[in-house]
Amino acid sequence: MSEQKKQLSQAFYSQEKSEVLNKLDATRDGLTTQQVDSRLNEYGANKLDDGKKKSIVQRFLEQFKDLMILVLLAAAVISAVVSHDVIDSVIILAVVIINAVLGVFQESKAEAALDALKNMSTPHANVLRNGDTITIKSTELVPGDIVLLEAGDVVPADLRLLESNSLKIEESALTGESVSVEKEVGVITGEQVGIGDRLNMAFSNSNVTYGRGVGVVVNTGMSTEVGKIAGMLANADETTTPLKNSLNHLGKFLTIAIVIIAVVMYVVGTFLNGMDPIKMMLTSISLAVAAIPEGLPAIVTIILALGTQVMAKRNAVIRKLPAVETLGSTDIIASDKTGTLTLNQMTVEKVYTFGAQQSADATLPDDNMTLKIMNFANDTKISKDGTMIGDPTETALITFGEKHNFNLDEKLKQQPRVAELPFDSDRKLMSTVHKNPDGKFLVAVKGAPDILLERITKIQTENGIRDITDEDKEQILQNNNDMAKQALRVLEMAYKYIDKVPDEPSSEQLESDLIFAGLIGMIDPERSEAAQAVRVAKSAGIRPLMITGDHSVTAEAIAVRLGIIEKGDDEAVLTGAQLDKMSTKEFDKKVKNYSVYARVSPEHKVRIVKAWQKAGKVVAMTGDGVNDAPALKQADIGVGMGITGTEVSKGASDMVLADDNFATIVVAVEEGRKVFSNIQKAIQYLLAANLGEVLTLFIATLLAWDTMLPIHLLWINLVTDTFPAIALGMEPAESNLMDHKPRGKKSNFFSGGVLSSVVYQGILEAATVLLVYATAIFWPVHSGYDAIHADALTMSFATLGLIQLFHAFNVKSVHQSIFKVGLFKNKTFNWSILLSLVMMMVIIVVPGLNDAFKVAHLDIHQWLIVLGSSFAIIPIVEIVKFVQRKFGKA
């Protein structure tokens, strides 16, 4: 990444306006042309730096860093040089190259997120230069520029505000707080003031939703808060997935096993049996090459690809193949609140009117004054397509009115607005004046309850309007406090009638001697499906966390409603300010105590994810904002939101939820677990088969038996390895899949009884094949050495192929009976077994082909021995599984 020429990193929010202008050598009239040219050279353009991109060749070569891939490449070379088996080498190389191409195609790197960040920059800005207002490209802004802001603008750089006229800025993409922030210009004091609390600052790429303002540019480009996030993305550590770790573990295991096999066979054959050392060396190496399941990387890739298709149909779009499986091992789902667990849409939940508190769903007549005032004292604009433009709080009030059949257009025709007092952050009130049909004027006032209640002298009741009493005020305050405890944002509605509109309306004239109408409580509510998803996640042993830039009271309330924490468990909530006071060592020790993290910055989110990873947990991080991107990249799997998510968060994610539905994550977890389980099944099947082949040849060599020719092994591997193994990857999920705890980082493909199953099943296959060969040799059907040898060779070849096909049914489940998981549910599996069976049989029974493969025709007696011996593996394995379940070993 190229380096920013110069940066300003001072805490401008803690300095007076005049002091800031002084330090920036700027004035309220703006910079001169000479100053701009000088600063452009000094600070650079106001844009994000391009990340260092990797070429296609570099990405392709990176795919070969995996140990398993290197072992396969070595096998290809050995196969070609030692055994002169060019076909086998070509097959291995083709598998490796296809796997690398798929990897390059699926994976997208961090520059996608950086490009999205760069493209978010607003193209133009209104600034003061040489005393005149001009419009320039935002890239031309420099520190010291005076920027003019109004509703609808995107803030073009980080600004210290100099003026704020009812200015509100929506910063959820940066801070995670769903409510627009009311800005001010005074000095902010205190230690470690978070971004969300710097009320006198406007940050690059946030949106002005209300009012007007003026600010001086204090940071541009990579020095802005968004720029810092871009830098964090570029420098974030690359994490290895559990899948990669498991494949590496498998590669190491196979490498060690292969070396041991080769050495033992060479030593036994040369020194114990007195065989030719050179011939024994070639035999040992050839046998070791046969032990490698060369199709495994391709089969794993295909199973993952099939998983991506299934997940895409269920609204989870996979951007990186290993992400399919990684979710299945997830211990922690650290979710952003705004827009992920909640709707990112302020919604009225409670209404207090006529002395009673009721839910927002309760019926309100369209002449209810609380309903009328919230719609009248409102600056929301409705576009032709029905889209609401304005502050999220005010649009929520209009939406509430629509749900209660309040026709605002018709009402305003009857009572048009003739005057107003805009919202002011000092008095915290907004008032509008409307002309009544009787000639009088209605003053509609909404605002903060603590301020507005002091201006009320009367109250509206079901029996009419009367003077307000201390008891009335006590009840109003009690309902206000009750809503506040539920983390609802409370607004009060009041009104009065006047005979004449003042020429210059003032607060004293319009906002005094008011009649109390009611209170409304609103919140950004949780998604209806999110609570159920949290319950399912917990039952699957996954711990959901909430990480948000919102206030702790709001975060705690939503977390309780979702079931993330219990009511009153405020010790499970940690704020960013509290986190700053903790050392890394202290936080790492206490991280398991907290389930809700409130008022946090992007740096905090990364720190939280890292702490859980240090605790040995596989962490999935969900989010939709710019502020989530670094943590999404740091997590073991980043989950972006497809609808509300920024391109930045999507670019940093491994998986994107097309429906923004938190519940889809649980679906993805189940699919991820199924994928891992199916990969385990494929590995169990392949390694048991390969072990059976190795043991058969190893023991036969020790006994001087000629059980198999190289062409036989090649054909069996081609026929039995590929189709059934891929079909096992399409097995439906087992019924108890989500009842297990996450397997965690330390698990691998051999865990859960797979290794022991591979060993005893491989031994069983080898023993069966050798027994069939011995039967053919010692109790021959035909006479003569050549006939006996041909029959024995053919029977061992057929048995080794068929026993693997029958055994494929056993590995539909590691421990469950095949009759419980279903023999024929997977149609693809059934067809693959049938196809492989036909390919095995055709070699033996079709004249000409049997000569080419050096096998003989078998009579019915010999076929019965082959079929009976091969099928026997099913009842034997069923008995072993039953015993394992009986003694709790399953």
query: What does the charge add up to near VAL781, with Lys and Arg as +1, Asp and Glu as -1, over the other residues with Cβ less than 15 Å from its Cβ?
result: -3
field: Charge context of GLU693, other residues only, Cβ under 11 angstrom, K/R +1, D/E -1
entry: -2
message: Can you give me the distance in nm between label points at SER539 and ASP569, each placed 7 Å from the Cα along the Cα-to-Cβ direction?
response: 1.8
message: If I model a spin label at THR469 and ALA704 as a point 7 Å from the Cα along the Cα→Cβ vector, what separation in nanometres do I get?
response: 11.6
task: Name the long-range amide H neighbours of ALA517: under 5 Å, sequence gap of 5 or more, or other chain; modelled H, no Pro or chain starts.
output: MET493, ALA494, TYR495
Residues with amide H under 5 Å from that of LEU429, placed H, sequence gap 5 or more: ASP424
- prompt: Using θ = phi - 60° and the Karplus form 6.51 cos²θ - 1.76 cosθ + 1.60, what ³J(HN,Hα) does each residue of segment 768-777 get, whole Hz, x for Gly and Pro?
  reply: 5, 4, 5, 5, 5, 4, 4, 4, 5, 6
- prompt: How large is ³J(HN,Hα) for each residue in segment 407-412, as worked out from phi by the Karplus curve 6.51 cos²θ - 1.76 cosθ + 1.60 (θ = phi - 60°), to whole Hz, x for Gly and Pro?
  reply: 8, 4, 4, 5, 5, 6
task: Take the Cα radius of gyration of segment 347-523 and divide it by 2.2 N^0.38 Å, with N its residue count; two decimals is plenty.
output: 0.97
message: Beyond a 29 Å Cα-Cα separation, which of these cross-linked pairs lie in this structure: LYS384/LYS496; LYS617/LYS674; LYS337/LYS589; LYS827/LYS881; LYS320/LYS812; LYS320/LYS617?
response: LYS384/LYS496
- request: Show the residues, 5+ positions off or on another chain, whose built amide H is closer than 5 Å to the amide H of ARG319.
  value: MET655, VAL656
message: Going by average Cβ density within 10 Å per residue, which order do the peptides 661-671, 349-359 take, highest to lowest?
response: 661-671, 349-359
statement: Phi angles of segment 586-598, converted by Karplus (6.51 cos²θ - 1.76 cosθ + 1.60, θ = phi - 60°) into ³J(HN,Hα) in whole Hz with x for Gly and Pro, give 5, 5, 4, 6, 9, 4, 6, 7, 10, 10, 10, 10, 10
message: Let me make sure I get this right: for segment 701-843, a, b and c are the square roots of the gyration tensor eigenvalues over alpha carbons, sorted descending. Under 1.5 in a/c it's rounded, otherwise prolate if a/b > b/c, else oblate. Which is it?
response: prolate
- prompt: Packing-wise, with mean Cβ within 10 Å as the measure, how do 773-782, 404-413, 201-210 rank, highest first?
  reply: 201-210, 773-782, 404-413
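Coordinate-derived values only; no laboratory data. Predicted, not measured: the structure shown is a model, and the values here were computed from it. Glycine also receives a Cβ, built like all others from the backbone with ideal geometry; neighbour counts cover every protein chain displayed.
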